[in-house]
1. Over the alpha carbons of the protein assembly as shown, what is the largest minus smallest coordinate on each principal axis, giving the biggest first in Å?
2. Using Cα atoms only, what is the angle between the long axis of helix A:122-136 and the major principal axis of chain A, expressed in degrees (0 to 90) to the nearest 10?
3. To the nearest 500 deg cm²/dmol, what mean residue ellipticity at 222 nm is calculated for chain B from DSSP H runs of n ≥ 4 alone, each contributing -39,500 (n - 2.57), summed and divided by the residues?
4. Of all beta bridges DSSP finds with both residues in the stretch A:382-539, what is the antiparallel percent, to the nearest 5?
5. Taking the Cα atoms of the stretch A:116-207 alone, what are Rg (to one decimal) and Dmax (as a whole number) in Å?
6. Determine the calculated [θ] at 222 nm for chain A from helices alone, applying -39500 (n - 2.57) to every DSSP H run no shorter than 4 residues and normalising by the residue count; nearest 500 deg cm²/dmol.
7. Arrange A:501, A:77 by Cβ neighbour counts within 10 Å, fewest through most, would you?
8. Ranked by Cβ crowding within 10 angstrom, fewest neighbours first, how are A:52, A:529 ordered?
């Protein structure tokens, strides 16, 4: 048995890193267990001529395709899970689009009642968004009229480039909102990290650390504060004492195969929207008197358009994100559905990726027409994604697989996900709007993609893993309270994407970080009381 | 022709049907894609993958090396129709391998693009955000504030099946 910790953090991704840093800097004895190892800058494929091939193999975002040594399988016929198990978690491979949730995202219970209200508001979270921006190091342009006013970004926006200007022109023609995209990427040297050099390898993470890879941005600060980070430590179960509180966790040291128990006064779960419910379910259905653990899984709705214009856009260069448009972000029931969506505008990849179909199945033909297609399309393309707020449904859930296990013999998670009819209507509407954009951009060729299989199954690239241990105001319908404290287990906190009550219309990492920072600072500021808590407060 | 040479010839013929050369771009076999195809297919599908591919080409009307251009295209077309997943894997390996080649990068540069063999270390000079020209001048966009969120009328959303106000 190792020395008891004040705080045990499980998972070292975005939310675990921030939690560890805040509590470590407060002088607490913090242990963080991470099932993966370190992903060093040189491990990324950016320096290799075969980097696009590696993106299809050991750098594939889906762990089921990648079969990495630190991964666990995920059983699913619907969701293509994006997950990276290593120090820094999925920030090793995300694209760091950094918009915020909007005020109405927190009020869906009031707005339509098909999803619950959060127990907090945008205003509760806004100061933490501002501080996360400075901690993480981001770029963007203040003054977006589609969002509440907030502090400026620590570095200026990334360049608009021909892709952004071309699409901005299309949005102007349509009379729709657009704005340079906020990014978790520094456009100037910042906090010891170099400015983005436009290498365009973003789909395989960022080897430079210009994009906030948390092992290079947040973890150095946490380690400097004395946090005991233990890579290759896979947690097998959380242990409960006779008082109903957690006593700690049993983990496998994957270097030796030995099992250890780590005692702690407080446990923070930061294992992502799949890993966290998996661990709770593996721990005798812990914190689940509401039967909400694993339920309400949200990925966002996603449809896409890849388009090509006559003008050379040099779209194999620069940061992957270009613009956002929040024209359709709020509910308007005259469209035939509730909730809204956001357009993320992106570049088009290097030559290999473009030839096999970068974001849609539109690919170069084989045979005699190959080079003519390539000459016409390469460097002339871009992509627009419509990301929408999918409704939380109890039937969309993470359970434990009866068949698959990980390398340590632990049950794999099993995922069932199907969009609600409301989500399908939103996606159909968004596809029509994507076509509007392609036409307004004077595209000579475009391809729409609905991510439906030949059998009609929505097979989303599940970049976002949300809602599976959601925050709420009532213990009967949620897993954690407004401070991320489990209703059933007062010294358990859940801070990853599973805590989100609704999904919003944007990429969620910024919001996950702001929530984790808020929870960690609350815990820090009340630690003397909370470390001994025997009940979870409704306030 | 011994067995190894015949295998190499068949793979070379296959990759050239998929990516033939033209005046500016080399053919796939000229830049050695057939070797990468063999390596990567074996990596993904195991030791029997390449022999299985050769057999499937023969079963579809091959071997390719004995056919004229039209016959080779017909064989690949048959496999694409009958075994689309296998065909897609082979095609993607060939495409990705092809665009790794320095000779192909040179052809892309000749199109007028700056193009590096790998993203790093060089990166690309993409300039900086120009506030004078790149800042949006429109004032479009709005949000519903926390205290302004109101119940929407769900009556028109018949797919909800009633029970919602």
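Laboratory data are not the source of any read-out in this text; all were calculated from the coordinates shown. Remember, it's a predicted structure, so these values are computed and weren't measured experimentally. A quick note on method: Cβ atoms are made from the backbone with ideal geometry, for glycine too, and the neighbour counts reach across all protein chains shown.
1. 81, 60, 54
2. Helix A:122-136 sits roughly 80 degrees off the main axis of chain A.
3. Values: 7 runs with 82 residues, N = 165.
Helices in chain B give a 222 nm mean residue ellipticity of -15500 deg cm²/dmol.
4. 90
5. Answer for the stretch A:116-207, Rg first and Dmax second: 15.4, 42 Å.
6. -7000 deg cm²/dmol
7. On the way: A:501 26, A:77 12.
Lowest count first: A:77, A:501.
8. Working: A:52 28, A:529 8.
Least crowded to most crowded, the residues run A:529, A:52.
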